[in-house]
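First comes the structure, then the notes that go with it.
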Amino acid sequence: MPSPLEKVQAAPVLATVRRLEQRIEARFPGRGLHRVAGELAALVETVASSTATVRGRRSWLRPVSRFGIAAVLLVTGTVMVLAVRAALADAPDDGLAWIPLLESAVNDLVFAALAIWFLYSVPERLQRSSLLALLHRLRSMAHIVDMHQLTKDPERLRSEFTPTDASVPMDLDTDQLEHYLDYCSELLSLIGKTAALCAEASRDPVVLDTVSTVETLTVSLERKIWQKIAVLNHHRGSSPAS
């Protein structure tokens, strides 16, 4: 049995998201970023309940599918043995008379292989759709966080910056902007951790590949944010706030 330290746990992820939600509300009350944190917390709870349901469903589906595989093997083997016995009883002198038997045996083996593959993959495929739907929501949420930080450009805080009529107003000072960007980075990191929760409930290659895609997306977006923070602190001439 794997150690609790070897897998991502839903409870600590949810507690971290809730704490971040409170931190955002304390510093930026009424901001849309706070609502995004609340949505992420609700999504973590949904992922936790869904993965628990998936594990419970898989616990009884797997033995049923294995029993079905054993039944297919037994039936296929019995049919082939009976067919060979019947052919030997007729004892055809012409070797061409064995061709229909060989064709029938090949068809039986092909259909048996397809049935075994279907039964073997049933537990994973039944949970795939629900997990992919959750991962799609997480990917959309990552883009929403990116939209929130998109116009938070540190260059606009320079004294020599000249806005145009189309410029988006900047209502944050240097310290506030750094905190805001840092919160966006934390949200993206927690979105990646929530995606990892889905990987804990499945070994389906499609699900794992989608989880990897979401994690890659969040890391890429975080990198953009930290580039902004580096520029911000370069202009300010001080180290990042703790």
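The values are calculated or read from the model by the stated rules, or taken from the named source; none is laboratory data. Predicted model only: the values in this text are computed from it and were never measured. FYI the Cβ positions are ideal-geometry reconstructions off the backbone, even for glycines, and counts take in every protein chain you see. Side chains are part of the model used for accessible areas, which takes the heavy atoms of the whole protein and leaves out ligands, DNA and RNA. Shrake-Rupley method; radii C 1.70, N 1.55, O 1.52, S 1.80 Å.
Answer yes or no as to whether LEU172 is touching a His at 6+ places or on another chain (Cβ under 9 Å), at negative phi and surrounded by 12 or more Cβ atoms within 10 Å (Cβ to Cβ). It would help to see each step written out before you state the result.
Working: touching a His at 6+ places or on another chain (Cβ under 9 Å): yes; at negative phi: yes; surrounded by 12 or more Cβ atoms within 10 Å (Cβ to Cβ): yes.
It is true that LEU172 is touching a His at 6+ places or on another chain (Cβ under 9 Å), at negative phi and surrounded by 12 or more Cβ atoms within 10 Å (Cβ to Cβ).
Evaluate the range 181-202: report whether one residue or more is of a type in the set (A, V, I, L, M) and either in a loop (DSSP other than H, G, I, E, B) or open to solvent by 50 Å² or more (accessible area, probe 1.4 Å) (or both).
Looking only at the range 181-202, we keep the residues that are of a type in the set (A, V, I, L, M), and these are 181, 187-188, 190-191, 195-197, 199, 201.
Then keep just the ones that are either in a loop (DSSP other than H, G, I, E, B) or open to solvent by 50 Å² or more (accessible area, probe 1.4 Å) (or both); that gives 201.
Yes, the range 181-202 contains a residue that is of a type in the set (A, V, I, L, M) and either in a loop (DSSP other than H, G, I, E, B) or open to solvent by 50 Å² or more (accessible area, probe 1.4 Å) (or both).
Restricting the first residue to the range 28-50 and requiring it to be open to solvent by less than 20 Å² (accessible area, probe 1.4 Å), which pairs with a second residue that is among the basic types (Lys, Arg) meet a Cβ separation below 7 Å and a spacing of at least six or different chains?
Once the first residue is open to solvent by less than 20 Å² (accessible area, probe 1.4 Å) and sits in the range 28-50, its partners that are among the basic types (Lys, Arg) give ALA41/ARG18; LEU43/ARG137.
Please give the number of the condition PHE111 fails out of (1) modelled with pLDDT under 70; (2) of a type in the set (Phe, Trp, Tyr); (3) under 27 Å from ARG203 (Cα atoms).
(1)
Could you please give the count of residues in the range 203-219 that are of a type in the set (Ser, Thr, Tyr) and either open to solvent by less than 50 Å² (accessible area, probe 1.4 Å) or more than 16 Å from the chain's Cα centre (by Cα) (or both)? Step through it out loud before you land on a result.
Applying the first criterion (of a type in the set (Ser, Thr, Tyr)) to the range 203-219 yields 210, 212-213, 216, 218.
Add one more test, that the residue is either open to solvent by less than 50 Å² (accessible area, probe 1.4 Å) or more than 16 Å from the chain's Cα centre (by Cα) (or both), and what stays is 210, 218.
Of the residues in that region, 2 qualify.
Looking at the range 149-175 only, could you name the residues that are part of a loop (DSSP other than H, G, I, E, B) and touching a residue at least 24 places away in the same chain (Cβ under 8 Å)?
Restricting attention to the range 149-175, the residues satisfying the condition of being part of a loop (DSSP other than H, G, I, E, B) are 151-153, 158-173.
Matches in the range 149-175: LYS152, ASP153, ARG158.
Test ALA142 against the stated conditions and say whether it is under 23 Å from LEU43 (Cα atoms), part of a helix (DSSP H, G or I) and open to solvent by less than 20 Å² (accessible area, probe 1.4 Å). Show your work before the answer.
On the way: under 23 Å from LEU43 (Cα atoms): yes; part of a helix (DSSP H, G or I): yes; open to solvent by less than 20 Å² (accessible area, probe 1.4 Å): yes.
For ALA142, the condition - under 23 Å from LEU43 (Cα atoms), part of a helix (DSSP H, G or I) and open to solvent by less than 20 Å² (accessible area, probe 1.4 Å) - is met.
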